[in-house]
Amino acid sequence: MRRNPKDNQHSVRRMTRRALMLGGAQAAFIGVLGLRMRHLQVEQADQFRLLAEENRINIRLIPPARGQIFDRNGRVIAENVPSYRITMVPEDTGDPDLVLRRLAALIDLAPEDVDRVRTTIDEVRGDTPVTIVDRVSWEDLSKVAVNGPALPGITPEVGLSRHYPRGLDYAHVVGRVGPVSSFDLEQIENPDPLLRIPRFQIGKVGVEAKAEEILRGRAGIKRVEVNAAGRVMRELDRREGEAGVNLQLTVDSALQEYTQARLATESAAAVVMDCETGDLLAVASAPSYDPNLFVRGISSTDYSALIENKYRPLVPKTVQGLYPPGSTFKMVTALAALEAGIVTPEDTVYCPGHLEVSDRRFHCWKRAGHGSMDLRDSLSQSCDVYYYDLALKVGIEKISDMARRLGLGVAFDVPMSSVKAGVAPTRDYKRERFGQEWVIGDTVNASIGQGFVLASPMQLAVMSARLATGRAVTPRLIKSIDGVEQPSGHGDDLGLDPGNLRQVRRAMYAVSNHRRGTAYGSRILAEGYQMAGKTGTSQVRNITAEERRRGVTRNEDLPWDRRDHALFVNFAPYDAPKIAVAVVVEHGGGGSSVAAPVARDITLQALYGDTPPLEAYPASDRSRAKALQDRLQREREAREREAQSRA
């Protein structure tokens, strides 16, 4: 049946409208899609390019070279040396345990190293390099390199490691570095990202720790291309970090070496200080240890030997050790009395061997007494009764004030570990510390450096320098930072009467140059080099009345830790002071017989700057001095040969 032509025309018109509507909708959709594509591809191109780059490129830190440390003459005392190590990127290994077993078959891996690596893998991201073993030999490094295809994720590397070429000489001054621990991170509010790199090393003690932030430097960065799994495909570019600053210390290596050797195997400490600048020329604590053991990773056996040693080799006794200063404190009491106008140098006190105070007898070291004593004789012969009498007149507050003016009871700002302030006691100190009131017997004890009085060898050296100069000389350990000279410790005038200081120095001169002086046997014979000093013997036990009746037990008959400490302080030359010295020998016995010879030898070495002539020593000491000089020369030559062979 044929359709009506009018109906056909109506259908065509209706289909045309529908086609136009559909075409318009399609055109609109295509237009919107085009606009959206333009927005994404043109207007937001930078944003999406950045997102793509972040997915494709990783930024990794490059550890900087640690700053070096030199002595005052430019000799290296802490340096960075090439070190071969083997690292692992856990996610690249597939099976870390299998790869570690293969590696252990090639080189000697300690079980503790394997355990440490497994623990670290669990704590870090999979793309973080983990150090398996450090300081491997070239042979072991070659084995790993050759067997690379069988050790996925393992990389042999050449890095830098800390080395202390002078070993035990600077262990207590420069200190040492070690891997960052969780405890270290807890002490820092906003840790440097560098510190989170496994096995990254930071200063643990000494200058290395105190100057950590400037020695560490700033990290560099490298951009590496990674695949979808995060594995490194290639390095795109790198920006090297900023090395740490170089430090120059005030210490003289030759004098430090000699001082350390002179203390030998004693439990002792010695400080040598420049009277003009406050520079610490030698800071020695004995016995010492080799800090390189800690850098390499000290064994439990070696560490146990150090911490169980009764001589405490890990302790920097020069600043951390606190001792009753004994008779080396008598200059403080004398100067306090002179400044207060309570006594004159000519006034005398009779010493019968003891002094009765509040129904208690305070004894002089010389049981029969010294007889009539003035200032010079009391100091040169170390009469205790003279100072007991002074203390009763001047009082503890003036004595304590003078002690602080001379540097005792003060924690000096030197970059060493655990610097102690010591104690220059007052009435308030005893009340606050022990909840007890001060009694007159405490003042008597303090007058001769016993009782509550405590000082470090560093403080005793400062005291000697201040007595020698009349200035507030302060110790300086850092000479320069990256070549920039640091402030001097010259100090201002103490405001003490020059005449009173002169009288105290005169008495100290008699200690080591008058025939009846307690240090006459340790005098310096060389003209123009004579020293002024003071011996000290501090008790570490109470001597009972019964023991005094039957006879005081000699030090050599007591157990080592019950013997007296031996001390000596001095400055030299007497007429134009250049250096101040303090020596403490723990449980060494008498200051005159043990500490004074050590201090005299160190003083001569410091003044001459080289091997002193034997004629500068008393005849009885020359053979011992020559033997030590010869031994040090042999050791020095051996080190030089070793250094040349390494070069």
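A short reminder: the numbers here are calculations on the coordinates, not readings from a lab. Remember, predicted model here, so these are calculated numbers, not experimental data. Methodologically, a virtual Cβ is constructed for each residue, glycine included, from the backbone with ideal geometry; neighbour enumeration extends over all protein chains shown.
Okay, here's what the table says:
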read-out	value
C-alpha long axis of helix 111-123 to longest principal axis of the chain, angle in °	50 degrees
Taking the range 59-249 and dividing mean pair separation by its residue count, relative contact order in percent (alpha carbons under 8 Å, at least six apart)	34 percent
Theoretical gain in end-to-end length, Ala264 to Arg631 [0.36 nm per residue, Cα-Cα removed]	130.9 nm
Sorted by Cβ density within 10 Å, fewest first, the residues Ser620, Ser480	Ser620, Ser480
For the range 558-647: relative contact order, % (alpha-carbon pairs under 8 angstrom, 6 or more apart)	21 percent
FRET efficiency estimate (nearest 0.05) - Cβ-Cβ, Arg622 to Ser142, R0 56 angstrom	0.50
Over the chain, relative contact order from alpha-carbon pairs under 8 Å, at least 6 apart, %	13 percent
Rough spin-label spacing in nm, given labels placed 7 Å along Cα→Cβ, for Asp492 and Arg367	5.2 nm
With at most 13 neighbouring Cβ atoms within 10 Å, loop GluC sites (Glu not before Pro) (DSSP) excluded, longest segment of the chain	1-188
Förster radius 30 Å - calculated FRET efficiency between Glu356 and Arg515 (Cβ-Cβ, nearest 0.05)	0.40
Long pairs among Lys143/Lys210; Lys204/Lys578; Lys330/Lys420; Lys143/Lys222, criterion Cα-Cα beyond 32 Å	Lys143/Lys210; Lys204/Lys578
Cα centroid of the range 71-87 to Cα centroid of the range 353-393, whole Å	55 Å
Extension gain (nm, one decimal) between Lys310 and Ala25, 0.36 nm per residue minus Cα-Cα	93.1 nm
Shape of the range 89-163, Cα gyration tensor, a/c cut at 1.5	rounded
Dipole in debye (nearest 20) - the range 59-249, about Cα centre, beta carbon charges: Lys, Arg +1; Asp, Glu -1	500 debye
Residue order, fewest to most beta carbons within 10 Å, for Ile399, Ile342, Ile202	Ile342, Ile202, Ile399
Helix axis angle, 596-608 relative to the chain longest principal axis, alpha carbon, degrees	70 degrees
Dipole moment magnitude, nearest 20 debye, the chain about Cα centre, only Lys, Arg, Asp, Glu C-beta charged	2040 debye
